[in-house]
1. Go through (1) in a helix (DSSP H, G or I); (2) loosely packed, with under 13 Cβ neighbours inside 10 Å and name the single condition Arg287 misses.
2. Being touching a His at 6+ places or on another chain (Cβ under 8 Å), under 30 Å from Ala245 (Cα atoms) and either of a type outside the set (Val, Ile, Thr) or surrounded by 20 or more Cβ atoms within 10 Å (Cβ to Cβ) (or both) is the requirement here; does Asn402 meet it?
3. Report yes if some residue within segment 130-138 is farther than 18 Å from Thr403 by Cβ, surrounded by fewer than 24 Cβ atoms within 10 Å (Cβ to Cβ) and modelled with pLDDT of 95 or more; otherwise report no.
4. Looking at (1) under 21 Å from Met425 (Cβ atoms); (2) touching a Cys at 6+ places or on another chain (Cβ under 7 Å); (3) among the hydroxyl-bearing types (Ser, Thr, Tyr), which one does Thr198 not meet, given that it meets all the others?
5. Suppose the filter is of a type in the set (A, V, I, L, M), on the phi < 0 side of the Ramachandran plot and buried (at least 24 other Cβ atoms within 10 Å of the Cβ); does Ala143 pass it?
6. Restricting the search to segment 260-270, which residues are part of a helix (DSSP H, G or I), under 14 Å from Ile371 (Cβ atoms) and out of contact with any Leu (no Cβ under 9 Å at 6 or more places or on another chain)?
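The values are calculated or read from the model by the stated rules, or taken from the named source; none is laboratory data. The structure presented is a predicted model; accordingly, all values stated were derived computationally and were not measured. Backbone-built Cβ (ideal geometry, glycine too); neighbour counts: all protein chains shown.
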Amino acid sequence: MDGVDTNKSVAGLSVLLQSGALDPVELAEVSLARIAGYQDQAVFTELLGERALTEARLSAQRLRSGRSLGLLDGIPVAWKDLFDTKGSVTTAGSAVLADAAPASADAAVVTSLAGAGMVSIGRTNLSEFAFSGLGINPHYGTAHNPASRDVPRIPGGSSAGSGVAVAAGLVPVAIGTDTGGSIRIPAAFNGIVGYKATRGRYSMQGVFPLAKSLDSLGPLCRTVQDAIWIDAAMHGRTVPDIGRADLSGLKLVIPETIVFDDAEPGVVAAFEAAVLRLEKAGARVKRRAFPIFAEIFEVTARHGALVTAEAFALHKARLEGPEAARMDQRVVARTRLGEKTTTADYIAIADARQRLIAAFTESLEPGELVIHPTLPHVAPPIAPLLADDDLFFKINGRTLRNTSIGNFLDGCGVSIPCGTGDAGMPVGFLLSGLRNGDEHLLSVALSAEAIIRGGA
């Protein structure tokens, strides 16, 4: 059992499982044991041991009898604790839901991946109610970024445990949600791949929401190929149908508005080095201003944030009752901001959003993708953020800034590691596409990944 390496990509494990070199039950047992023995017990909120072993045994029977369900049969997967798994309480990272009734059925995407033969290992920790980009959780603990070699650093949120579980090699893939960057942020901070699909690409049935007009889903994993395989299964497809794009003549544009503001020099250096590699490979890179990006933040300053308005509507009764005292007070404070958003403000935001989405679409050439650093900084230390509320909100806002643009514009994005910055911490390279441009985005990301990583 000690010889089983869980620190592999989905594709790497699939080869072993399909060939019979690795047994799904052994893989599940090793994954469960390593999670249980991992030094940081804040990564998971629950292990699904009985379910995992049952699913693994069924996978083993299929593989032995030549009835594989496909490339993902026997592959372990972890779920952010927003997804219903039958018989488990969906806590959403909050103590106030810990005593709620267990889910009576799996979420739709859980069913889809189970149908592909995947083995549900456990449920991962997150920022309470998914409402922070930092991943700090006072109820279930804050998972530490495994890339840090000096002091404990944040994992990024809100899909904090999902990012750490993959980066630490505990599972090859974890499924997260993304409302303002909650997949791409932990992917960038932890040095893995994170794919935020276009909102509505997958069913949200059985997924605890934050802001329904922004919420989207996607995998955190080790490679873009893994993300493509998972994407296909989440659609109920047996095989992926996305090929590699031709990088020769690929059109990329770097925004000169907002995304580099206050960026750390190490982040910029890692990103620019990756851009040079892409240009040498034949990509055509332009730089231009995107006043649309600035206007997004002007709309927010004038009318309030869409996410806080919808989060307040969702949690209004909770905030008015005794449960508010049991919540993370930083989450309470941020959610209460939504109370200031009037109906007129909300309509104004929605109208501006549709106008800006249309303008953004018109501003791009056919096939053009937007590229910039996923985040302006590497993962900061945890301790100062716990000690200073003002610093917490400042860093949270800066962390969410670049990625939230893609949510407001209803697009899709893939964060790929592109090197390291301060303290040797990972830097993410974000490729973003238009709404429903997922196939093109993933195709380009598949071809460009090795170049972005520096040939790794």
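1. Answer for Arg287: the failing condition is (1).
2. On the way: touching a His at 6+ places or on another chain (Cβ under 8 Å): yes; under 30 Å from Ala245 (Cα atoms): yes; either of a type outside the set (Val, Ile, Thr) or surrounded by 20 or more Cβ atoms within 10 Å (Cβ to Cβ) (or both): yes.
Yes: the conditions hold for Asn402.
3. First, pick out the residues of segment 130-138 that are farther than 18 Å from Thr403 by Cβ: 137-138.
Add one more test, that the residue is surrounded by fewer than 24 Cβ atoms within 10 Å (Cβ to Cβ), and what stays is 138.
Restricting the remaining residues to those that are modelled with pLDDT of 95 or more gives 138.
Yes, segment 130-138 contains a residue that is farther than 18 Å from Thr403 by Cβ, surrounded by fewer than 24 Cβ atoms within 10 Å (Cβ to Cβ) and modelled with pLDDT of 95 or more.
4. So the condition that Thr198 fails would be (1).
5. Numbers: of a type in the set (A, V, I, L, M): yes; on the phi < 0 side of the Ramachandran plot: yes; buried (at least 24 other Cβ atoms within 10 Å of the Cβ): yes.
Judged against the criteria, Ala143 is a match.
6. Quick first cut of segment 260-270, residues part of a helix (DSSP H, G or I) only: 265-270.
Subsequent filtering for residues that are under 14 Å from Ile371 (Cβ atoms) retains 267-268, 270.
If the condition is that a residue be part of a helix (DSSP H, G or I), under 14 Å from Ile371 (Cβ atoms) and out of contact with any Leu (no Cβ under 9 Å at 6 or more places or on another chain), then Val268, Ala270 are the ones that fit.
Results for (1) charged (D, E, K, R); (2) at pLDDT 95 or above; (3) surrounded by 18 or more Cβ atoms within 10 Å (Cβ to Cβ), shown as yes or no for each residue.
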| residue | (1), (2), (3) |
| --- | --- |
| Glu310 | yes, yes, yes |
| Pro322 | no, yes, no |
| Arg326 | yes, yes, no |
| Arg330 | yes, yes, yes |
| Arg336 | yes, yes, no |
| Ala359 | no, yes, no |
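Every residue, every condition in (1) in a helix (DSSP H, G or I); (2) touching a His at 6+ places or on another chain (Cβ under 8 Å); (3) under 20 Å from Gly194 (Cβ atoms), yes or no:
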site: Pro219; (1), (2), (3): no, no, yes
site: Ile228; (1), (2), (3): yes, no, yes
site: Pro240; (1), (2), (3): no, no, yes
site: Val253; (1), (2), (3): no, no, no
site: Ile258; (1), (2), (3): no, no, no
site: Leu278; (1), (2), (3): yes, no, yes
site: Gly282; (1), (2), (3): no, no, no
